[in-house]
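Before any comments, here is the structure.
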Amino acid sequence: MREWWLLVGLLCIPLLAVYLHIPPPQLSPALLTWRSAGAFFTFRSNNIFYRETYGAVGSSDVVILLHGFPTSSLDWYKIWEPLNRRFNRVIALDFLGFGFSDKPRPHRYSIFEQASVVEALVSHLGLMEQRVNLLSHDYGDTVALELLYRSDHNRTGHLTINSLCLSNGGIFPETHHPRFLQKLLKDSSFLSPVLTRLTNYMVFSKGLGDVFGPYTQPTDAELLDMWTGVRFNDGNLVMDSILQFINQRDEHRDRWVGALTSTFIPVHMIYGPLDPVNPHPQFIFLYQKLVQRSTVSVLDEHISHYPQLEDPAGFLTAYFSFINAF
């Protein structure tokens, strides 16, 4: 009898999870301020959030910031003002399915579509003729490589890229180690609807905290803001679809790594070496072997997967040394 009740309980858990819908957290003052400072444009009937500020007078330089998974443009808040003092225009967006942008479902999310979102934003802002600098992180690195491919192959609507700076992105499938839950979500179509609903703040904060260094952990408020960004517009329910980017990296490795190894555009990598997702030294050794035209900045040994949040001063020093060199 005990085994029978256990079996019934196990069968009921997925059914309960499918229908479970816990209200998302309220937006914090920091998130409300961030959203009120931004705007929206429409991409294929979806609203895309972006933020743009004008900074350095007498400069025409533009930088576009491309965030990582599973967070949002808020990832750049610690370095926004210094960037604003260096560039005439600083621009960031929430990719489709992230942050304050729409999160359609069902939907086949792809790196190709996200690159088109960036191109559409640049067109919306009247910058198609402007040379732009791309600064990316994690998921944003792969979007940047698709933009680089389109630019170098002169595809219709492509950006004119002045420089590219990557940071801690899993651009090489052979050195990329996704987290356990990410593996489950990208490969388990049966479990995905259950897991996306069962994932809660405790699971999220534990998983995200594990990719920060032990001395550079985010605050509780920062973690809650990140989780709120995921939960906004039921974004937790599209995580499995977005995570197909890991499979896309495998499938299109030659296209994206090839673009990186063959480009003549100035490229730099800022790397937090304690990263468990792109571990040292395997990742950086392969990067330096394959991308010989790129320069590299390896940050302090305690810096992990989110270098712009964990060591904003070191990140900015590395980036400004690169961007001011040409």
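The values are calculated or read from the model by the stated rules, or taken from the named source; none is laboratory data. All values reported here derive from a predicted model rather than from experimental measurement. All Cβ positions, even for glycine, are placed from backbone atoms using ideal geometry, and neighbour counts span all protein chains on display. The accessibility values were calculated without ligands, DNA or RNA, using every heavy atom of the protein model including side chains. Shrake-Rupley method; radii C 1.70, N 1.55, O 1.52, S 1.80 Å.
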- helices (runs of 4 or more DSSP H) completely within the range 168-216 that count 2 or more residues being open to solvent by 70 Å² or more (accessible area, probe 1.4 Å), at pLDDT 90 or above and more than 22 Å from V298 (Cβ to Cβ): 201-209
- Query: Considering L65, L83, which residue is part of a helix (DSSP H, G or I), open to solvent by less than 20 Å² (accessible area, probe 1.4 Å), aliphatic (A, V, I, L, M) and modelled with pLDDT of 95 or more?
  - Reply: L83
- Given F49, F95, which one is in a loop (DSSP other than H, G, I, E, B), closer than 24 Å to T228 by Cα and free of Cβ contacts under 8 Å to residues at least 60 places away in the same chain? F95
- Item | Counted residues, the range 113-127 - those being in contact (Cβ under 8 Å) with a residue 40 or more places away in the chain and in a helix (DSSP H, G or I) | 8
- Kindly indicate whether T295 is touching a His at 6+ places or on another chain (Cβ under 6 Å), of a type in the set (S, T, N, Q) and over 30 Å from S189 (Cβ atoms). yes
- Would you be able to tell me the number of residues in the range 117-164 that are touching an Asp or Glu at 6+ places or on another chain (Cβ under 8 Å), surrounded by fewer than 16 Cβ atoms within 10 Å (Cβ to Cβ) and more than 18 Å from R44 (Cβ to Cβ)? 1
- Query: Which members of the range 289-316 meet the condition of being closer than 23 Å to N162 by Cα and exposed (fewer than 14 other Cβ atoms within 10 Å of the Cβ)?
  - Reply: Q292, R293
- Query: Which pairs do you get when a residue that is under 21 Å from D138 (Cα atoms), found in the range 173-202, comes within reach of a residue that is open to solvent by 40 Å² or more (accessible area, probe 1.4 Å) and modelled with pLDDT of 90 or more, reach meaning Cβ atoms under 8 angstrom, with the pair 6+ apart or on two chains?
  - Reply: P173/D250; P173/R253; T175/Q282; H177/P276; R179/D210; L181/V203; K186/Q244; K186/N247
